[in-house]
1. Among the residues of segment 130-148, how many are closer than 15 Å to I119 by Cβ and of a type in the set (V, I, T)?
2. State all residues of segment 1-56 that are β-branched (V, I, T), farther than 26 Å from D177 by Cα and in contact with a strand residue (DSSP E or B) (Cβ under 6 Å, 6 or more places away or on another chain); if no residue qualifies, say none.
3. Of the residues that sit in segment 185-227 and are in contact (Cβ under 8 Å) with a residue 12 or more places away in the chain and among the β-branched types (V, I, T), which one is farthest from I159 (Cα to Cα)?
4. Kindly provide the set of residues from segment 197-223 that are buried (at least 19 other Cβ atoms within 10 Å of the Cβ), in contact with a Gly (Cβ under 9 Å, 6 or more places away or on another chain) and part of a helix (DSSP H, G or I), ordered by number.
5. Can you go through T68, T98, T59 and tell me which one is buried (at least 24 other Cβ atoms within 10 Å of the Cβ), among the hydroxyl-bearing types (S, T, Y) and touching a residue at least 12 places away in the same chain (Cβ under 8 Å)?
6. Restricting to segment 160-205, what's the tally of residues that are over 28 Å from K7 (Cβ atoms) and under 19 Å from the mean Cα position of the chain (by Cα)?
7. Quickly run through segment 11-35 and pick out the residues that are surrounded by fewer than 20 Cβ atoms within 10 Å (Cβ to Cβ) and either under 13 Å from G212 (Cβ atoms) or aromatic (F, W, Y) (or both).
Amino acid sequence: MALLLKKKLKAGKSVLGTMLCMIDNPNIVWLLKGIGFDFVFIDCEHGTYTVQAVSNIVTVARAVGLGTIVRIPQPDRPSIQKYADMGIDGIMLPMVETTKQIELANQFSRYKPLGSRGISLGATVDWKGGVDVGETIRELNDDFIILAQIESRAGVENIDQIMSVPGVDGCFFGVYDMSISYDKPGEIYDPIFRQNIKIVLDSAKRHNKILGHHFFGYQDLEWGMEQGVKFITWHTDTSALQKAYADDVKKIKSMPLFVR
């Protein structure tokens, strides 16, 4: 079965994770779990991960008890079903602007009667000999997470309809794409974006959905937690490495005995 990340969130508990964008060695999962992370996003929208690389990461993550969410490029059956069959906890759908996108994601992620996901007793890790098919379907349908990433003006304008779609479990906010959508590229601290984040989060609260956000700084994180964000994503593999190395390189090269 999945790692039941959803049950923890539904119980009102916070979870902390990061996003993998480039590192595809599955041993990274041991490190992340050892640090104390609860889950990891695998970016298959911008990242270059092969299906096999994702499968390797998910296999290790399940073994060590780390939740996995895959950010998919689009809501189509081939991609969603392959990832779901690996035993991931859920998917994030980027650039959500319409209810149709969520309806498709739900259709391909969940088994009948909630969707039309196909059953493979051989390829799906959650199907083992002797399981009760009906009970397994109910558990997998209940435990799977579908997240809508709101990243555009249209997404904000349609947020109440999007959050009303049966099957959507929560939302995230994409500030950089949002800034481009409003012709303010990179100006993520413009007041309009803080206002839009609150519109999205307030809608999610009204519909009793999971609140999530991707943070890169403590000030933003504190504000987000005050708004009720529980699904916390901190940095990415590349940003964390860049920040750590940049600070160290600057310090080392400023030492008097470092010969330039």
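The values are calculated or read from the model by the stated rules, or taken from the named source; none is laboratory data. Since the model is a prediction, treat every value here as computed from it, not as a measurement. Neighbour counts run over all protein chains shown; Cβ positions are idealised from the backbone, glycine included.
1. Summing the residues that are closer than 15 Å to I119 by Cβ and of a type in the set (V, I, T) in segment 130-148 gives 4.
2. Answer for segment 1-56, where residues must be β-branched (V, I, T), farther than 26 Å from D177 by Cα and in contact with a strand residue (DSSP E or B) (Cβ under 6 Å, 6 or more places away or on another chain): there is none.
3. In this case the residue turns out to be I188.
4. I197, V200, L201, A204
5. T68
6. Of the residues in segment 160-205, 4 are over 28 Å from K7 (Cβ atoms) and under 19 Å from the mean Cα position of the chain (by Cα).
7. S14, V15, L16, W30, listed by residue number.
The rows are residues; the columns are (1) in contact with a His (Cβ under 6 Å, 6 or more places away or on another chain); (2) under 16 Å from D169 (Cα atoms); (3) of a type in the set (A, V, I, L, M, F, W, C).
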site	(1), (2), (3)
Y49	no, no, no
L66	no, no, yes
P78	no, no, no
I88	no, yes, yes
A105	no, yes, yes
